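Asks: The structure is given below, and queries will be raised subsequently.
The values are calculated or read from the model by the stated rules, or taken from the named source; none is laboratory data. Keep in mind the model is a prediction, meaning the values are calculated, not measured. With ideal geometry, Cβ positions are generated from the backbone for all residues, glycine too; neighbour counts draw on all protein chains shown. Each accessible area value is taken on the protein alone, full model and side chains, heavy atoms only, with ligands, DNA and RNA left out. Shrake-Rupley method; radii C 1.70, N 1.55, O 1.52, S 1.80 Å.
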Amino acid sequence: MEAYGDSSARAMEVMEADDCPLCSLDIDVIDPGLAPATGTPEAGGWTTREVKRIIRGLTGLNFVGADIVEVSPAYDHADITGIAAADIAHDFLSMLLSSEPPAPHSNWGPAKDEL
């Protein structure tokens, strides 16, 4: 999950050059603690950070569209799931507009304890 291109490497292997896939994300792939408003919550799901990394890794593939499904506003207390879905929709739009994944942050050094 640490490299942006991990998710796109396998996708590029199986896709033909003229393929035009649609990317669909079922919101219940995210852990219910981070996105509780879904009809079928899955315990132990991915974090929103992991989903966003995967989507960013798919940038540059010839996607024709993207959607997010299974968001259930009736179960969304404090708009937690709606905010996560909106943030992921922003990443989908960025993925569709960009020609390559963003470069990893190579200038970051090891974490230091500030205390």
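Asks: Which of the residues spanning region 33-47 are of a type in the set (Ser, Thr, Tyr) and either at pLDDT below 90 or surrounded by fewer than 18 Cβ atoms within 10 Å (Cβ to Cβ) (or both)?
Replies: Correct list: 40, 47.
Rundown of residues vs (1) modelled with pLDDT under 95; (2) open to solvent by 70 Å² or more (accessible area, probe 1.4 Å); (3) within 18 Å of residue 38 (Cβ to Cβ), yes/no style:
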| residue | (1), (2), (3) |
| --- | --- |
| 65 | yes, no, no |
| 73 | yes, yes, yes |
| 78 | yes, yes, yes |
| 92 | yes, no, yes |
| 95 | yes, no, no |
| 99 | yes, yes, no |
| 103 | yes, yes, no |
| 106 | yes, yes, no |
| 110 | yes, yes, no |
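Asks: Filter region 64-105 down to the residues that are among the acidic types (Asp, Glu) and part of a helix (DSSP H, G or I), then identify the one that is farthest from residue 22 (Cα to Cα). Talk me through it step by step, then tell me what you get.
Replies: Filtering region 64-105 down to residues among the acidic types (Asp, Glu) leaves 67, 70, 76, 79, 87, 91, 100.
The next check asks that each one be part of a helix (DSSP H, G or I); those that pass are 79, 87, 91.
Values: 79: 26, 87: 18, 91: 15 Å.
Ranking the candidates gives 79 first.
Asks: Scan region 48-63 residue by residue and report those that are open to solvent by less than 50 Å² (accessible area, probe 1.4 Å) and either part of a loop (DSSP other than H, G, I, E, B) or of a type outside the set (S, T, N, Q) (or both).
Replies: Taking region 48-63 as the starting set, the residues that turn out to be open to solvent by less than 50 Å² (accessible area, probe 1.4 Å) are 48, 51-55, 57-61, 63.
Within region 48-63, 51, 52, 53, 54, 55, 57, 58, 59, 60, 61, 63 meet the criteria.
Asks: Kindly evaluate residue 18 against the criterion of being within 26 Å of residue 103 (Cβ to Cβ), modelled with pLDDT under 90 and loosely packed, with under 14 Cβ neighbours inside 10 Å.
Replies: no
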